[in-house]
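Notes follow the structure.
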Amino acid sequence: AANALVQNAPNPFMLASATHTTIGFDLANSVNVSLRVYDMLGHEVRSLVTDENRAAGHNSVEWDGRDANGNTVSSGLYYYQIVTPDFTQTVKMQVVR
């Protein structure tokens, strides 16, 4: 399997009706992964996975729409990015409060 970052579901992430959105990613090999959410200005909102070893194949992580301080984020566009030693990909998502 190739490395890939999958579109989150649900997207748009409607905070009123969904407790979380799921971000999926596929890995060709077992590697250390970081996955972070950023706002439109490129500021880190939350680190969901920090240099964690993940197995080859399909993986997923949930985001509850909160920032690192536990506050619910505003409506708008956000980016999430996966970083491994040999792969980086960024995908856009919409949050509706």
Work out from phi, with θ = phi - 60° and the Karplus expression 6.51 cos²θ - 1.76 cosθ + 1.60, the ³J(HN,Hα) of each residue of segment 10-27, listed in order in whole Hz, and give x for Gly and Pro. x, 9, x, 8, 8, 4, 6, 10, 10, 7, 7, 10, 9, 10, x, 8, 10, 10
For residue 46, what residues show an amide H to amide H distance below 5 Å, using hydrogens built from the backbone and excluding near sequence neighbours? 37
What is the percent carbon and sulfur in the accessible area of the chain, measuring with a 1.4 Å probe over the protein chains and ignoring ligands? 47
Counting only heavy atoms of protein chains, what accessible area per residue, in Å², does the chain have with a probe of 1.4 Å? 53
About the Cα centre, and with charges only on the beta carbon of Lys, Arg (+1) and Asp, Glu (-1), how big is the dipole of the chain? Nearest 20 debye, please. 220
State the dimensionless ratio Rg/Rh of the chain (Rg: radius of gyration of Cα atoms; Rh: Kirkwood radius). 0.96
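The values are calculated or read from the model by the stated rules, or taken from the named source; none is laboratory data. What you see is a predicted model, and the numbers here were worked out from it, not measured in a lab. With ideal geometry, Cβ positions are generated from the backbone for all residues, glycine too; neighbour counts draw on all protein chains shown. Please note that ligands, DNA and RNA were not included when accessible areas were found on the heavy atoms of the full protein model with its side chains. Shrake-Rupley method; radii C 1.70, N 1.55, O 1.52, S 1.80 Å.
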